[in-house]
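The values are calculated or read from the model by the stated rules, or taken from the named source; none is laboratory data. Source: prediction; values computed, not measured. In this analysis, Cβ positions are derived from the backbone assuming ideal geometry, glycine residues included, and neighbour counts consider all displayed protein chains.
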Amino acid sequence: MGHEGDGVSLRLDGKPVRTPLKNPLALPTRPLAEAVAEEWRAQGERIDPETMPLTKLANSVIDGVHGNEDAVIDDIVAHAASDLLCYRADGPYGLVAAQEAEWNPVLDWAKDALDAPFTLAEGVMHATQPQASLGRIKELLQGLDAFSLAALHVMTGLTGSALLALAVALGRLTPEEAWKAAHVDEDWQIGKWGEDAEAAARRARRRRDFDAAARLLHLVRDSSK
């Protein structure tokens, strides 16, 4: 490892590791750099990108998010404007109760702790969210670095909920709790009809990427040397 500007750069056989766009793979904290380096050490004769989710995410930050933070913020806020937690089933009772149990505490937290109340809707009816609440979400995001924003963007896309991603970032939920909350509807269906192998494999891949984003978020904040 070496230093690249304010970051920690990776070296492979003495040469700096570079992103797909040939930028130096420089990480903001040593713990994150160590975690990415471990992915590289685990590779065999052929590099398998599927086993390197942290590297993949770091590459996307360096090549695509740096300099485009405002666009990433706007996209997360757009997800908040149609957040998963705001759209409720009108039945059956068990599903309605499961949504309330998992989602209402997060909405209460957003209202009380973030000063960002959200409006609920049933079914596919659109719920227009208060501009002040969306503005508050944007304000919170504007204080984050590019790596944290990228992690939140991935978590938001995979869960359909900017509020769940923020709840993890701000310590209201663990990644496990957020993932469980994001899959209330899917788990209800699985409980009724079962799950096929293809859907299970797809969910496992998404979970891997979600966990990697949550881990990156944690490692970015760990500035230990």
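If you go through region 168-224 and keep only what is touching a residue at least 12 places away in the same chain (Cβ under 8 Å) and small (Gly, Ala, Ser), you end up with Ala169, Ala178, Ala181, Ala182, Ala212, Ala213, Ala214, Ser223, Ser224.
Evaluate region 24-33: report whether one residue or more is within 17 Å of Thr159 (Cβ to Cβ) and of a type in the set (Ser, Thr, Tyr). Steps first, please.
Keep residues of region 24-33 that are within 17 Å of Thr159 (Cβ to Cβ), which gives none.
Scanning region 24-33 turns up no residue that is within 17 Å of Thr159 (Cβ to Cβ) and of a type in the set (Ser, Thr, Tyr).
Got at least one residue in region 42-60 being buried (at least 16 other Cβ atoms within 10 Å of the Cβ), within 30 Å of Met125 (Cα to Cα) and not polar (S, T, N, Q)? Within region 42-60, none of the residues are buried (at least 16 other Cβ atoms within 10 Å of the Cβ), within 30 Å of Met125 (Cα to Cα) and not polar (S, T, N, Q).
Of the residues contained in region 22-31, none is found to be outside any loop (DSSP other than H, G, I, E, B), of a type in the set (Lys, Arg) and surrounded by fewer than 13 Cβ atoms within 10 Å (Cβ to Cβ).
Suppose the filter is part of a helix (DSSP H, G or I), modelled with pLDDT of 95 or more and touching a His at 6+ places or on another chain (Cβ under 7 Å); does Ile76 pass it? Step through it out loud before you land on a result.
Working: part of a helix (DSSP H, G or I): yes; modelled with pLDDT of 95 or more: yes; touching a His at 6+ places or on another chain (Cβ under 7 Å): yes.
Against the criterion (part of a helix (DSSP H, G or I), modelled with pLDDT of 95 or more and touching a His at 6+ places or on another chain (Cβ under 7 Å)), Ile76 qualifies.
Yes/no per residue for (1) assigned to a helix (DSSP H, G or I); (2) at pLDDT 95 or above; (3) assigned by TED's automatic domain parsing to the domain that holds Gly123:
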{"position": "Asp185", "(1), (2), (3)": "yes, yes, yes"}
{"position": "Gly191", "(1), (2), (3)": "yes, no, yes"}
{"position": "Glu195", "(1), (2), (3)": "no, no, yes"}
{"position": "Leu216", "(1), (2), (3)": "yes, yes, yes"}
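Taking region 107-143 as the range and being closer than 28 Å to Val61 by Cα and either modelled with pLDDT under 95 or assigned to a helix (DSSP H, G or I) (or both) as the test, the residues that pass are Ala110, Ser133, Leu134, Gly135, Arg136, Ile137, Lys138, Glu139, Leu140, Leu141, Gly143.
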